[in-house]
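To keep things clear, I will list the structure first and then write my remarks on it.
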């Protein structure tokens with residue numbers, strides 16, 4: 001699924017969670033450069049929280065860098081959802097915020113040593129509005145309006161409920177739209 005062409009910009013969508021994640025990179029024409037799904041094994045998902053966070057962070061950072069190193073580009077726009085601090089799941093939120101910031105800090109640190117990187121942090125409702133026109137859409141509605149390539153890949157990798165890959169795709173699209181709206 002890797003396209004070898006020179007891109008001016010890469011729009012990277014990161015959908016992170018504690019046991020699985022979706023990552024999508026788009027080019028300047030919103031074509032998929034790469035897309036992948038990362039998941040802890042059953043054994044790994046039973047480890048303590050700190051070990052799971054460490055493993056997941058390492059996997060996401062290493063696999064994203066490996067894929068980006070195969071692509072020629074000038075600038076990366078990284079787009080991720082900000083953790084919802086008003087969540088009723090306080091422990092889960094704290095853990096998710098931990099992995100979110102570990103991945104972002106290390107990924108951005110590495111990438112900025114190579115290229116120019118801009119991070120866009122968005123709310124879930126912004127992503128939903130861009131994907132479906134409604135900021136109140138459900139996650140499965142985002143999947144329903146995703147392109148066929150996203151659906152095929154999420155089925156191929158057995159993405160649970162097909163939502164991580166779809167969400168990362170829509171995060172990359174949201175980053176693209178925000179960047180290009182600012183440029184107008």
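Values quoted throughout were computed directly from the atomic coordinates according to the rules given, and no laboratory measurement underlies them. Remember, predicted model here, so these are calculated numbers, not experimental data. All Cβ positions, even for glycine, are placed from backbone atoms using ideal geometry, and neighbour counts span all protein chains on display.
Hey, can you rank 33-46, 67-80 by average C-beta count inside 10 Å, highest first?
Listed from highest to lowest mean packing, they are 67-80, 33-46.
Suppose we take every Cα in region 6-179 and form the convex hull; what volume per residue is that in Å³?
Dividing the Cα hull volume of region 6-179 by its residue count gives 110 Å³.
Of all DSSP beta bridges located in region 6-179, what percent are antiparallel, nearest 5?
45
Full extension from residue 125 to residue 148: what is 0.36 nm times the residue separation minus their Cα-Cα distance, to one decimal in nm?
6.0 nm
For the pair residue 30/residue 180, report the inter-label distance in nm, with labels modelled 7 Å from Cα in the Cβ direction.
Inter-label distance under the simple model: 0.6 nm.
Between residue 141 and residue 109, what length in nm is gained on full extension when 0.36 nm per residue of separation is reduced by their alpha carbon distance?
Value of the extension gain: 8.1 nm.
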